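Structure, as structure tokens:
The values are calculated or read from the model by the stated rules, or taken from the named source; none is laboratory data. Here the structure is a predicted model, which is why all the values come from computation and not from measurement. Cβ coordinates were reconstructed from backbone atoms using ideal geometry, including for glycine residues, and neighbour counts include every protein chain displayed.
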Amino acid sequence: MTGPPTGDSDLFLRLYAELRVVADRLLRREAPGHTLQPTALVHEAWFKLAGTAAPVVVDRAHYLALAARAMRQVLVDHARRRRAAKRAVAPVDITIADDRLGFALPLDDLIAVDEALTRLAEKDERLARVVELRFFAGLGEAEVASALGVTTRTVQRDWLKARAWLHLQLADGGATA
């Protein structure tokens, strides 16, 4: 096996426990009987990162941001495979305030969340990144600000805007663009 995408095996090993906590939190939002386990999610995300051109990692928050995006992709791919297999999955309500979005939606609609985030990124990349870092990576406001090179107050405003926009998108089934 090759080293993590940073080329620094120590960084991956130092953050492994933290990545497992993030993965565990994400998977607790999934429907009961989800087939991915936190360790598998971390490893799948690592393989996804290792398969890409090695990004230059600035710090812990940046590495966690990269890992969060990879975990999001793994979860969405998994949800798409589940949907394609047409397996019935009981919807589970998740609440996405602070590191959540502030409203409930069936987690089986993770694909809808991903599609809404993709649309948001087309309108405002930074808003989408704030959601990704807060929700998927579980980073605090200061860490998000550091990762994005903006102030904490900017992150707070972006978080409010993004939550409101996503609420409209997901509440209307994406009908509002």
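At pLDDT 90 or above and surrounded by 14 or more Cβ atoms within 10 Å (Cβ to Cβ): does that describe Arg82? If you could, list the steps in order and put the result at the bottom.
Details: at pLDDT 90 or above: no; surrounded by 14 or more Cβ atoms within 10 Å (Cβ to Cβ): yes.
So Arg82 does not fit the description; no.
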Tally, over the range 122-140, of residues that are without any contact (Cβ under 8 Å) to a residue 24 or more places away in the chain, within 14 Å of Ala65 (Cβ to Cβ) and assigned to a helix (DSSP H, G or I)
1
Suppose we keep only residues that are more than 26 Å from Arg83 (Cα to Cα) and either in contact with a strand residue (DSSP E or B) (Cβ under 9 Å, 6 or more places away or on another chain) or among the aromatic types (Phe, Trp, Tyr) (or both) within the range 10-35. Which one would you say is modelled with the highest pLDDT?
Tyr16
Scan (1) at pLDDT 55 or above; (2) surrounded by fewer than 16 Cβ atoms within 10 Å (Cβ to Cβ); (3) of a type in the set (Lys, Arg) for the single condition Arg100 breaks and write down its number.
(1)
Considering only residues that are more than 12 Å from His62 (Cα to Cα) and in contact (Cβ under 8 Å) with a residue 24 or more places away in the chain, which ones fall in the range 141-161?
Val150, Val155, Asp158, Trp159, Lys161
Is there a residue in the range 144-160 that is out of contact with any Ser or Thr (no Cβ under 7 Å at 6 or more places or on another chain) and at pLDDT below 85?
no
